[in-house]
Amino acid sequence: MPVLPGAEPYRHEGGEVGVLLCHGFTGSPQSLRPWAEYLAGRGLTVSLPLLPGHGTRWEDMQVTGWQDWYAEVDRELRGLLERCARVFVFGLSMGGTLTLRLAARHGDAISGIVLVNPANKLHGLSPYALPVARHLVRTTKGIASDIAKPGSVEIGYDRVPLHAAHSMRVFFRMVDAELPQVTQPLLLLHSPRDHVVPPADSSRILSRVSSTDVTEILLEQSYHVATLDHDADRIFEESHAFIGRLAPSVGKEGTATGG
């Protein structure tokens, strides 16, 4: 199946500092594209992959699971680590969960992580019924485009495949157990008015990671897909400043061109 227009992966070869961006469940790179382009425009090397089963049609996602999604971002991370002196990982929603697992498993190879409305638990899908329900019902209603800003739309599926949702639930539980292994500097930005992932998920993550350099920022003007919402510019600026504090060479490499 062809990739939906706008949902394509994005890569930019910049300087010695790299950033991997991880999009969310049933979403696509489109939700993070402005963030990726902002970082690329400031001289960073950027990778924004398309997770398997995403960005085409929900039927393609029905036959994928967390192992497929994690393998994709792990591969991209390893590529960045080969090319860059310092690497950061950013994630939105389930992309934040993927980010946390990368951090837990790769340790000091990752210089810092940024999470936007990260997910820690499955809500609203009757998760305890999923193991059985997924064999009886194929999908439930979608979760895309929870955005306060008028005219801003997320490219994502209008249905949630239940086999994939069940796999995501398993993944969330596994990553929750791994959170104490996360030690990197952490910037967490979350929306008090999020209709997909409640603030309790961010609180849970902050209470369980072992990071000592932690910054929490509230995105008062945005809903779940805050990277396309009113607080997008703040997310971009705060994340770039976070990198600049931890990798002072950023900003001395000149401005990148191209895309």
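The values are calculated or read from the model by the stated rules, or taken from the named source; none is laboratory data. In this text the structure is predicted, and so the values were computed from the model without any measurement. Heads up, the Cβs are rebuilt from the backbone with ideal geometry, glycines too, and the neighbour counts pull from every protein chain shown. Protein only, heavy atoms only, side chains kept; ligands, DNA and RNA dropped before computing areas. Shrake-Rupley method; radii C 1.70, N 1.55, O 1.52, S 1.80 Å.
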| field | Principal-axis tilt of helix 66-83 within the chain, Cα atoms, nearest 10 degrees | value | 10 degrees
| task | Would you kindly derive the ³J(HN,Hα) couplings of the stretch 211-222 from the backbone phi angles with the Karplus curve 6.51 cos²θ - 1.76 cosθ + 1.60 (θ = phi - 60°), listing them in order in whole Hz, with x for Gly and Pro? | result | 4, 9, 9, 10, 10, 10, 10, 8, 9, 5, 9, 10
| task | Please give, to one decimal in nm, the separation of the simple spin-label points placed at Glu37 and Gln221, each 7 Å out from Cα toward the Cβ. | result | 1.9 nm
| note | Over the chain, with neighbouring protein chains present, the accessible area per residue in Å² at probe 1.4 Å is 41 Å²
| query | Between Asp158 and Asp233, 0.36 nm times their residue separation minus their Cα-Cα distance comes to what? | reply | 24.3 nm
| message | Rounding to the nearest 10 and keeping the result within 0 to 90°, find how far the Cα-based axis of helix 162-178 lies from the longest principal axis of the chain. | response | 50 degrees
| said: Modelling each spin label as a point 7 Å along the Cα-to-Cβ direction, I'd like the Asp74/Glu16 distance in nm, to one decimal. | reply: 2.9 nm
| Rounded to 10°, Cα long-axis angle of helix 232-246 versus longest principal axis of the chain | 50 degrees
| task | Figure the gain on full extension for Lys149 and Arg83 (residue separation times 0.36 nm, minus the Cα-Cα span) and round it to one decimal in nm. | result | 20.1 nm
| request: Pull up all non-local amide H partners of Cys22: gap of 5 or more, or a different chain, and H-to-H distance under 5 Å with H placed in the peptide plane. | output: Phe90, Gly91, Leu92
| request: With runs of 4+ DSSP H residues as the only contributors, calculate the mean residue ellipticity of the chain at 222 nm using -39,500 (n - 2.57) per run, divided by the residue total and rounded to the nearest 500. | output: -10500 deg cm²/dmol
